[in-house]
Each structure stands twice: as structure tokens, then as C-alpha cells.
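Structure record follows, encoded as C-alpha cells.
The values are calculated or read from the model by the stated rules, or taken from the named source; none is laboratory data. In this text the structure is predicted, and so the values were computed from the model without any measurement. Note that we place each Cβ from the backbone using ideal geometry, even for glycine, and neighbour counts take in every protein chain shown.
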Amino acid sequence: MKDFSNEEIILSGLSGSLEGDLEGRKKDAQFSKLGASMFRKQMIERVSQLPKVVQKHLKEDRAQISDKEFFVIRDIAGTSTDIIRKNEKSEPGLRNIDDAELTENQYFLLNAISLQYRSGKSGRFDELFPDFLANAVFTFKIASREIMSANPVDMFQNPVFGYNITKDFGMLILNNPKLILPNKTIAFGIDDAPSAMSGQVKLKLIGTEVKMY
């Protein structure tokens, strides 16, 4: 726990026994939510949801919490494209996730999703979405459970219903971060484009990782 502040240790519940009154520990920690970035704090608040062995490793400095981004660059074509795919290994410059899932001993709190576009195969991903992409829908799944279903892709560029009013270009901040466990398939697909798509997208899953070593 040497990379935790005293406040973070209290907030995580790792200052005492791993068993016992979780609600009581949370109440004791309410006075102290400083000392952590927003995303890191959200992971620390969910340490009690991690398996006991992971909590034990954190307490013994055999696991660490760190910022993490998974990314995939994908050509889009036709009216539907699976961005994250099974049976695909990480490849430098194209993706850094294997087989569409986390490795053993890796836990990830997804705080935000970024989707960016470019019309060619080189250059920065900083172009406005063309109509065929903006008017398509996306679905995000974890272990076959639909977390976000058939939402307009344009959500990544425009605020919706008062959410994500202040955000980076192409970023969707999750109001309810999702804890992703090892060996659970992650899927992100773009569907129902009104016309054939072209160009490339870069998808980023942004959050905080707990990894044992």
C-alpha cells in the first residue's frame, strides 16, 4: 500500500481487516475523499468489490493501482463493424488487448470510452464524424451483457440530455463506471449505419487497473 495516501487507505477499507462491516468502513471514510484523481478515487472506492485475494495483495504491496488505456484501431466498412474482436492478439500500433478480454490477475474499472475518426489510414484521429458514422449506433457488452445498447454514435461528439456537457473531443464519461473482471469478453460494435462506412476509428477504454504481481 506504499503508493496509497493515508486517506486512500482508509477509503479503500484496507486499513483494517478485510472482513467485517463494509458499510461502517465506508462511513468512516466519508470525511476523506481527497488525495486521488477522479478515476483513481472511483477504483479505490470499489476495492471492497474485488476478490479478497486481490485486496490482500494490495495490502501487502503485491498489487498496484495504475491508470490504464486499452485501444483498438479498426477499418470500418459496410453498415456494421465489430471494433473489439475475439481471437485477435495485441499488435503494436493497432491494439493492446488480447482475445477481447483481460488477462488473469488483471482488474479494470472502466471510467470513460473514447471514439475518434480519420478518413484515411494515417494522420491524427481528429476528424468530425461523417454522417454515416454519426447516425449509426453502438453497443458495448461485457460477458454478453449489454452495458450500452444501440446508442447513437454521435454521443461521442455531442452532449446528450445534459450529460457529458464538458468533455474532451470524442470522449464519453461513464456516470456509472463498470468493473471488468479477467476472462470476461469485451465487445464493442457499430451497427445500422445508414450507408456504407469507410475510414478508421480508434476506440479507447480508459480507466484504472489493479494488477497483481
Exercise. For residues in region 104-161 being among the aliphatic types (A, V, I, L, M) and in a loop (DSSP other than H, G, I, E, B), which is modelled with the highest pLDDT?
Worked result: Ala136
Exercise. Would you call Leu205 in contact with a helix residue (DSSP H, G or I) (Cβ under 8 Å, 6 or more places away or on another chain), assigned by TED's automatic domain parsing to the domain that holds Phe108 and assigned to a strand (DSSP E or B)?
Worked result: no
For this session: Evaluate region 119-131: report whether one residue or more is surrounded by fewer than 13 Cβ atoms within 10 Å (Cβ to Cβ) and among the acidic types (Asp, Glu).
Result: yes
Seminar exercise, completed: Contact list, first residue from region 136-149 and small (Gly, Ala, Ser), second anywhere and outside any strand (DSSP E or B), beta-carbon distance below 8 Å, six or more apart or interchain, is Ala136/Thr79; Ala136/Val153; Ala136/Asp192; Ala136/Ala193; Ala136/Pro194; Ala143/Lys184; Ala143/Thr185; Ser144/Thr185
Problem set entry | Selection within region 37-87 - assigned to a helix (DSSP H, G or I), touching a Ser or Thr at 6+ places or on another chain (Cβ under 9 Å) and among the β-branched types (Val, Ile, Thr) | Ile44, Val47
For this session: Evaluate the following for Phe188: is it at pLDDT 95 or above, closer than 28 Å to Ser119 by Cα and not aliphatic (A, V, I, L, M)?
Result: yes
Exercise. For residues in region 162-178 being under 19 Å from Thr139 (Cβ atoms) and not polar (S, T, N, Q), which is modelled with the lowest pLDDT?
Worked result: Tyr163
Exercise. Only one residue in Pro194, Pro182, Pro177 is in a strand (DSSP E or B) and on the phi < 0 side of the Ramachandran plot. Which one?
Worked result: Pro177
